[in-house]
Every structure is written in structure tokens, then in C-alpha cells.
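Here is the structure we will look at, set down as C-alpha cells.
No lab work stands behind these numbers, since they all come straight from the coordinates. Not measured: the values here are computed from a predicted model. As a convention, Cβ positions derive from the backbone with ideal geometry for all residues, glycine included, and neighbour counts pool all protein chains shown.
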Amino acid sequence: MTDIQQTVYVVEDDEAVRDSLELLLKSDGKQVKTYPSATDFLGDYSEDMAGCIVLDIRMPGMDGMELQKKLNARHSLLPIIFVTGHGDVPLAVDAMKEGAVDFIQKPYREEALLEKIESALEQDREQRKTLGERQEIVRKIKTLTPRETEIMERMIAGQANKVIAIELDISQRTVEIHRSRVMHKMGTHSLAHLVRMVLSVKDLIDVG
Amino acid sequence: MTDQASTEPTVLLVDDNAQNLKVLYETLKDRGYRLLIANDGEKALSLAQRHHPEVILLDIMMPDLDGYQVCERLKADPATADSAVVFLSALDDVDAKLRGFSLGGADYISKPFQAQEVIARVGTHARVIRLERALQQRNRELESDQTRILNAISEGIYGLDAEGNIAFANPAASVISGCGVEELIGQNFFELHFRQPRPCSGALWEEPGEQADTRDRAEPTESALLPVQATCSQGIAEHQRDVTLYRADGTAFPAEYRATPKKEDGQLTGAVVVFRDITTELESEQALDDARNLVQEQRDQLAHASRMATMGEMAAGFAHEVNQPLTAITNYARVALRMLRTDDPDPELLSQTLEKIEAQSHRASEVVKRIRGFVRKPAVGKEVLSVGGLLEETRLFAEVDARNNDGGVNVQVADDVPDVVADPIQVQQVALNLIRNALESTRSAGSREPVSVAARMLDDHTVRIDVRDHGEGLPEDAEQKLFLPFFTTKQEGMGIGLTLCRSLIQAQGGEIGFERPDGAGAVFYFTLPVAPANREN
């Protein structure tokens, strides 16, 4: 997962700032893609994008905050660094509440910007790694039969084998067989680990 | 004159013969006359003096004073001279009649007279004398009116002859000149009031029409005409203000005068000069000017303060405007440094980057220049301006705000809009104020429609600029209040903006107002005068 090529997406309406930032990041060895407006970026956006967004908070038309909300609605994981002007700190605080990783005030020092970009990319890598793991869990869950899935849900809910057998009107022995198949398919020996795995993908699948 | 009031004309009958008197009396009685009777000359004279008869029927042949003598004495006395003397006599020779006329007699009736003739002649003379007396009375009234007016008028009045000698002066002329009326008469106007020897009327060679401007009299040259001179010698009417005249004591005062030529039978005989001392008037004018300048100064100061306040409100926007190029410059500079640190720097790329830095620094300084221009003081004054250029510059300014307000500004200038005359900063201030209001209003109504700014010809002399927003519009009673100080519809407004705008636009000779457009929002407009060279006529 970590060998995926990350891109810094620059969304900035000011041509000179955009152009200079592109040159700067490229000279630092980054892969860069620039957009003159939030709408342009949104038109290009896909879930496969990896990296981070450097986003001007104030832009004519759709501004940075609005783009952030739209991306959140599409479950984007791309970390956002907001670029703000003088007096935009209250806006930036709002942006942080909406999940932005950081903001930087214009005019900025290169080191500060690059540092923030590095850490955003790191966060993206982490998220992507976690996402990979979670996607693996989901894949495993999808190999379970409906009966196995049902048994697993009850295991996670903390029901004893005996209780499960009575409620499903099957023998306790049958419950034990299903249970060991679930543990095997999910690749774990510990009920605690299973609970953790399933809860970590709660938002991706319809369980629990 | 007391008898003038009576409605009946008085007729005095004079004859030494009682029988004749009786006949005359019978002839004229009940014909609307007051009849007086005298049987000798002395009585006739004394009655005439007391009663001023219109007509005296006078017998020539009388003992003691005869008719001729009576007539002579009547005519010699101003009190009785205007009565019409009609001689009565049996003497029917031409010499007698001529003598009567030569003594001032008006008519002659031969005895024995015909009653009808007497009635007719008396009637005619009574009417004539009545009219004459009424005419004289009217003349006297007019004369005394004229004198009263000349005496009462506060302007000095001179009657001058063709050489400029004073033939008439009213009391005001005497007061202003500091010289009694009697002393003024006969003095030369030019010598008295200009300390100049009496100019020779033949020395005038300037063309008529060029003589109007004789203001630069400080050092009179031979060819320069003194005031009034052209009127006296050439019959040209003059009117001048702020001319220095001298009083009799040698002190000077500023005067305004009108000189009108006096003509008799087409012949120039002199001039009438009406003049006054305008010292106080000039002082009041000066005071008014000072007050006007003060108001102007205060308006400029208020306008300046208001521009500073606007800049304060827009500070965040301007910081952004400057920070953009600064950010770009910082980035480019870093890029350039990195290039230099590589083993094989590309000079072409490097110089491109440096050029970009240069361009961005120009961009930043343009913003600063624009702000400096807007807040500079004092305002530059009126000049000929391109409406399009001015509005475009204002739009660049307003977009600083447009960014904050999520709005936009469209400028449209019709092709036929000519240059205007106005103070660029003050007009820009007004336009910016209206555009910012419009942006704010549009935003608070939740609209993203751009504010439209449009300029067009209103008529040959006027350009009108409309600023249209898509906001919530104006309250019902806005008409009465909108341009009043301290009236505001904004939560944080002071209510100074529009009042100041109106004052600034009025100072340009324009008007400001608003209209309710079809659909949402409001239209604020102002007008500016077209530059003279561009006017159609």
C-alpha cells in the first residue's frame, strides 16, 4: 500500500500563487496537480486519489470550506491543508472542526508549508494503510455464510454458545462448529481481536 | 391753490358799469361757475389774488385802472398770471385787440356781446385753464417726486457734461465723495475721483468694444480710458465693479458704477453716473467665500476620513491583495535558490523565474499605489475623466470586497459615454461606497447575483451611473430618510456614507438618488457633468 504514488493537489484561484507553488513543490520532488477552482477539482476527484490537498480558503465561486464539505460528503480521505489570508483564523478554526488537518497563513515560509505537506502525506499513507487493512477485514467478512455471519454478530454481542443455541433453536454443538469456522475465516483465535476487527469496519459494512 | 379743490371753475366779471355786470352775471349764472364781481380794477386785482379765477372777463374802458393796466398787473403777479383774461370792450379796432393780446390777454369779446358767444368763450377758457393748472400741478408733483427719489436713493448720482464736469449731484454722491453737493457742482469728475487731469476727449483711439475692460487702471497709460470716459465722449454705456475711486480727502474706496450716455436730439451731451461704495459688500463677499472654503475644506476632510475608514474596513481584503503576490514571490525565490543549488542550473529557467518575481512585485506595488491614491490628501480637484477607466479602477478596488462578500461586480459603459469633469478620488469614493453597499446588501439577501455598474448618457450634458444590487431592497420610507445623516439600515452602519456621497456628488455638479427596480434589490445612481469639449452643442 505504501508504494502508491502520492500527489499534492493544489486548488488556488490566483494564477501566480498557483504557478509558483507548483514549481516549488516540484522542485522539492513532489508530484503536483493544480486546479484554478474548487469546481475543477471536484470534477476531477476520484476515490483513488492519494496524497493531500493544499486548498485556498477564499476563492470566488465555490470556496475552500464548501469544497471540504462536498469532499466529506463523498467520504474523501485526502487530508486538507487550508491556505488562509490575514484575518481568516476564525474560518480556519471552522475548517479544522470539519476535519482539515492543518492550515497555513499567507505569505508562508517554505519550510513550514513543506513540513505540513509532509505530515499530511504521512497521514494519508496511514489512512490508506488502515483502509487497506479494513478492506481486508471486509473481504473476510464477505466470505462468511449468512448463518456464520449471524453467529458472529451474536458472538460480538457477547452471547454465550448456549444462549445462541437456544435462541436460534440449534444444538450447542452446531454453534461451536460455526464459531470455529468464523474464527478460522477471520484469521484469528481471539474473540477480543474479532470484536476489534469487526468494529473497525462498522462504517463500511452493515453489521452489529 | 385752495380753490382748485372746488369743482366749479371761478369766473371774475369786471366792469364799471353795473348794468353790464348784471347782464354778464345773468348770462353766466346757473352754468356751473362760481361768479365773482368787481366794478373797478383794484377790486378785480384783490379778488383775483384771493380766488385765482380760471377766467377773468375784463372791461377795458374803466376809470382809474383801465383793463390793460389790470391785465398787466395780473400777468406780473405769479399768483394771478395763469388766469385767462378775456377783454370786453366796445372798442372794435384791431389795435386795441392787439394791445390786449400783447399784454397777455387770452381772448377778446366785442360789445355788445352775444350771450351765446360769451358762454362759449368762457366755457372754452375755463376748461383750458383747468387743464393747464392740473398739468402744472402734476408737473410739480413729479418734480418733487424726482427730487425725493434722488435725495433718498443710496447710490450716488452725477450728471456730467461731455467734458466730465459735474452738473448735478445727489446727496448720496456728496456723502460717498465726502464733499458737499454745492462744492461738487462744477468740479471735474475725473480729477476728483481718479486724481487724473481731465482727459482730452479727442485722445480716444481705442475701438469701441475694447473699452469695456479698463480695470487695469493702476498705471494708466495714455491710451487707457478712465471709467466713464467712453460714456462721456463716445456715448458707450458702461458698467464696472470694483473700480478704485478717490474721495475728496484723497482716500480710496472700491466702487461699482453704471454710466449711461445723455443725448439730446441725437447729440451726446454728457453722462449720468450712478455709483456706490462697495466696501462692505466686498467684505461680505469675502466672508461668504471664506465660509464656502471652510465648508469645502471640511467636506474634503470628512471625505478623507471616510476614505480612511473604508480602507480600514477593507484592510483584510487589501492584505490578501498584497499577500498573493508576496506569496508567489516567496515561492519563486525558493525555486530559484533550489535551481542554483543543483549541479547544473538552467540559466533560461532561472531567468524566467526571476522575471516572474519581478512581475509579482510590480503587482504588489500596484495594489499599494492604488491604496495610496485613494487615501491621499488633499483631493486632486476636478479634471477630465474617462468614465470607463474610473469605473474599472473602482471595480478592481471593490473586488477586494467582492471576495469577502462572495459576490461579483460587472461594469458596463455604453459606447457613447463621453469624458466627464469631476474629482476622480471623490467620484471613486462614491462609486466604491455604492458598490460596497450593493455587495453587502446582495450577500445579506443570500443572493450571488453580481452587482451591475452601468454608465450611460442621460442627456447632452449628463452621464448617469447606475449601481444595481439584488439585495433585499429598501424600506418603504427610505425616500425621506435615506440621504439624511445618521440614517442607516445596516446593523453596524453609522449613516454617514450616503450623506457624504450626496455632498460629494453635489460638489461635482451632479445628483444622487435611488430607484426601486423591477425585481429584487435597489438601484442607486449618480450623475456627472460631461466635459465641455464633449458637449453636443
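Along the Cα-to-C-beta direction of residue B:461, a point sits 7 Å from the Cα; which residues of the range B:421-452 have their amide N less than 14 Å from that point?
B:421
In Å, what is the Rg of the alpha-carbon atoms in the range B:241-321, and how long is Dmax?
So, for the range B:241-321, Rg and Dmax equal 26.8, 86 Å respectively.
Using the Cα gyration tensor of the range A:7-129, with a ≥ b ≥ c the square roots of its eigenvalues, what is the shape: rounded (a/c below 1.5), prolate (a/b larger than b/c) or oblate (neither)?
Rounded, because the longest to shortest axis ratio a/c is under 1.5.
Express in nm, to one decimal, how much length is gained between residue B:289 and residue B:102 on full extension, taking 0.36 nm for each residue of separation and deducting their alpha carbon distance.
So the extension gain works out to 60.1 nm.
Which of the lysines could a cross-linker span from residue A:140 if the Cα-Cα distance has to be under 29 Å and same-chain partners fewer than 8 positions apart are dropped?
Reachable lysines: A:129, A:162, A:185, A:202.
If R₀ is 60 angstrom, what is the calculated FRET efficiency for the pair residue A:189 and residue B:476, using the beta carbon separation as r and rounding to 0.05?
Efficiency for this residue pair is about 0.15.
Which value, in nm² and rounded to one decimal, describes the direction-averaged projected area of the C-alpha convex hull of the range B:2-148?
If you wrap the Cα atoms of the range B:2-148 in a convex hull and average its projections, you get 8.8 nm².
Label-point separation (nm) for residue A:47 and residue A:96, each offset 7 Å from Cα along Cα-to-Cβ?
Label at residue A:47, label at residue A:96, 3.1 nm between them.
With N denoting the number of residues in chain B, provide Rg(C-alpha) divided by 2.2 N^0.38 Å, to two decimal places.
Ratio of Cα Rg to 2.2 N^0.38 Å: 1.91.
Could you work out how much longer the chain between residue B:520 and residue B:386 gets when fully extended? Use 0.36 nm per residue separation minus the Cα distance between them, nm to one decimal.
Using 0.36 nm per residue and subtracting the Cα-Cα distance, I get 45.2 nm.
For peptide A:16-29, how many partner chain Cβ atoms fall within 10 Å of a residue's Cβ, on average?
6
Between residue A:109 and residue A:77, what FRET efficiency comes out of the Förster formula 1/(1 + (r/R0)^6) with R0 = 30 Å and r the beta carbon distance, rounded to 0.05?
0.60
Calculate, in nm to one decimal, what residue B:61 and residue B:241 gain on full extension: separation in residues at 0.36 nm each, minus their alpha carbon distance.
Going from the current span to full extension adds 57.6 nm.
Could you pull out the longest piece of chain B with no exposed loop GluC sites (Glu not before Pro) in it, calling a site exposed if DSSP puts it outside H, G, I, E, B and it has at most 11 other Cβ atoms within 10 Å?
In short, B:223-475.
Give the cross-link partners of residue B:263 among the lysines, using a straight C-alpha distance below 18 Å as the criterion and excluding same-chain residues fewer than 8 apart.
none
Send over the per residue convex hull volume for the range B:69-117, Cα only, as a whole number of Å³.
So the per-residue hull volume is 74 Å³.
Calculate, axis by axis, the spread of Cα positions in the protein assembly as shown along the three principal axes, and write the results as whole Å, longest axis first.
Projected onto its principal axes, the Cα set of the protein assembly as shown covers 189, 73, 41 Å.
First measure r as the distance between the Cβ atoms of residue B:343 and residue A:123, then evaluate 1/(1 + (r/R0)^6) with R0 = 30 Å and state the FRET efficiency to the nearest 0.05.
Computed FRET efficiency for residue B:343 and residue A:123 comes out at 0.35.
Positive end of the charge dipole of chain B (Lys, Arg +1 and Asp, Glu -1 on Cβ, about the Cα centre): tell me which of B:408, B:463, B:178 has its Cα farthest that way.
Going by the Cα projections, it comes out as B:408.
Would you mind ranking B:239, B:470, B:304 so that the residue whose beta carbon has the fewest other beta carbons within 10 Å leads the list?
Ordered by Cβ neighbours within 10 Å, fewest first: B:239, B:304, B:470.
Where does the protein assembly as shown land at 222 nm, in deg cm²/dmol rounded to the nearest 500, when only DSSP H runs of n ≥ 4 count, each adding -39500 (n - 2.57), divided by all residues?
-16000 deg cm²/dmol
On C-alpha positions alone, give me the angle between the axis of helix B:315-341 and the longest principal axis of chain B, in degrees, nearest 10.
40
Can you sort B:23, B:128 from fewest to most other Cβ atoms within 10 Å of each residue's own Cβ?
Ranked by crowding around the Cβ, least crowded first: B:128, B:23.
Relative to the Cα centre, what is the charge dipole magnitude of the range B:59-196, using +1 at the beta carbon of each Lys and Arg, -1 at the beta carbon of each Asp and Glu, and rounding to the nearest 20 debye?
The dipole of the range B:59-196 has a size of about 440 debye.
Just to be sure I understand the model, the point goes 7 Å from the Cα along the line to the Cβ. What's the resulting residue B:163 to residue A:143 distance in nm?
14.3
Counting Lys and Arg as +1 and Asp and Glu as -1, what is the net charge of the other residues whose Cβ lies under 12 Å from the Cβ of residue A:68?
Net charge around residue A:68: -1.
Grab the other residues whose beta carbon is less than 12 angstrom from that of residue A:51, score K and R as +1, D and E as -1, and report the net.
Summing Lys/Arg as +1 and Asp/Glu as -1 gives 0.
With everything on Cα atoms, drop me the angle between helix B:41-51 and the longest principal axis of chain B, reported from 0 to 90° to the nearest 10.
20
Determine the alpha carbon to alpha carbon distance for each of A:116/B:356; B:43/B:75; A:30/A:116 and list only those over 19 Å.
Result: A:116/B:356 exceed 19 Å.
If I model a spin label at residue B:415 and residue B:309 as a point 7 Å from the Cα along the Cα→Cβ vector, what separation in nanometres do I get?
Those two pseudo-labels are separated by 4.3 nm.
Could you state the angle between the C-alpha long axis of helix B:67-76 and the longest principal axis of the C-alpha atoms of chain B, as a value from 0 to 90 degrees rounded to the nearest 10?
Between helix and principal axis, roughly 30 degrees.
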